[in-house]
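Let me begin by presenting the structure, written as structure tokens, before commenting on it.
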């Protein structure tokens, strides 16, 4: 998913930043290949120049996707995540010393970093909620996907959904407190799986992505 | 835990930033009181001026501490977390519009934000690891705490610990793959529960904090 309209790539292409661009080395990766692992011992930062890149955590046979990053996004190799080429991808890679210079000279560099970190953090919170409350989360997801498939109104490739019940009633349906259901719904909105339109009204931009997220 | 030595508070106290300081309102909270909840609908940012503040996720009766923030740290009310006064605390609070100005005029503001987000993200990853791999994580924590209490060498209020085995052997003990044990150990180091000193050598700065983190 694209996280913003202001693009760091356009910014870095500016003529006056030609000297700064020299701190980056371009590296290309084939779709599906692993780029960096959690044991990678260089502390590098990369800007995605082309293609998408998946950031995920893995333990034994379980994987948790934290973000699909797009051109203009940036991230670090030193966070304990797996980084995988989601398409054929090209990255601009640099070391942490040079990043300090980028942060000083290109305010958008820092703002992009905050935006990506914030996005990954929201997904991490959502994963924690789903793990800590696996049963309730699954029941809630099941309910939302069923309602969406039965009575959702197609719109721009997504589904518009209106719950014909209060949060209290929804909480009764899935067997949880109002507070937990409210938190889990907020998690899904913050992670970008749903957009809140009004009281009990949600838009699901990519129902298949939501199904994948709950491991269906 | 203190996250850095450069302090945003000192920076904001500078004479030339007097005008900027006016965008903050000071608010005081009594130890233990809730400051903001996940349903808080104002999008605010706060700098901690005095005392410590706990950031945590809560679902039904489960709580997951993401950070104990100290004076000079900053965070947002709009992340879906609970924010609680860990001591009697005083915060400088401002709205998101003013934050944009702070980010432009005070580079340390942005850098502090990245540092705090990165720290919370590492703790979130660690929580995901512990939830996804509860059994293995618990066995690993049990083993580390037992070894630390039996053969750890006291040092500055903490314990220095030397594993007399390889990661492969440790993985055999807790019944997991080498990769998972390595990832979970890295998680603990990144979250600040342990410091890696050398091959198989760790320092646990606050054994009680580690015991609390595993819910003992």
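The values are calculated or read from the model by the stated rules, or taken from the named source; none is laboratory data. Because the structure is a prediction, the values reported are computed rather than measured. A quick note on method: Cβ atoms are made from the backbone with ideal geometry, for glycine too, and the neighbour counts reach across all protein chains shown.
General observations
- Count of residues meeting criterion [touching a strand residue (DSSP E or B) at 6+ places or on another chain (Cβ under 9 Å) and either outside the structural domain of residue B:24 (by TED's automatic domain parsing) or more than 20 Å from residue B:54 (Cα to Cα) (or both)] in segment B:88-100: 4
- Among the helices (runs of 4 or more DSSP H) confined to segment B:119-216, the ones with at least 3 residues that are buried (at least 18 other Cβ atoms within 10 Å of the Cβ) and out of contact with any strand residue (DSSP E or B) (no Cβ under 8 Å at 6 or more places or on another chain) are located at B:134-151, B:167-174, B:178-190.
- Residue within segment B:107-124 that is more than 9 Å from every other protein chain (Cβ to nearest Cβ), over 26 Å from residue A:66 (Cα atoms), touching a helix residue (DSSP H, G or I) at 6+ places or on another chain (Cβ under 7 Å) and at pLDDT 85 or above present: yes
- Any hit, segment B:87-101, residues being assigned to a helix (DSSP H, G or I), without any contact (Cβ under 8 Å) to a residue 12 or more places away in the chain and within 12 Å of chain A (Cβ to nearest Cβ): yes
- With respect to being over 27 Å from residue B:133 (Cα atoms), modelled with pLDDT of 85 or more and not assigned by TED's automatic domain parsing to the domain that holds residue A:55, residue A:146 fits the description.
- Of all residues in segment B:58-80 being closer than 26 Å to residue B:134 by Cβ and within 13 Å of the chain's Cα centre (by Cα), the one that is farthest from the other protein chains (Cβ to nearest Cβ): B:68
- Looking only at residues of segment A:38-57 that are over 24 Å from residue A:130 (Cα atoms) and outside any strand (DSSP E or B), we find that the one that is nearest to the chain's Cα centre (by Cα) is A:52.
- Residues in segment A:49-58 that are touching a helix residue (DSSP H, G or I) at 6+ places or on another chain (Cβ under 9 Å) and crowded, with 22+ Cβ neighbours inside 10 Å: A:55, A:57.
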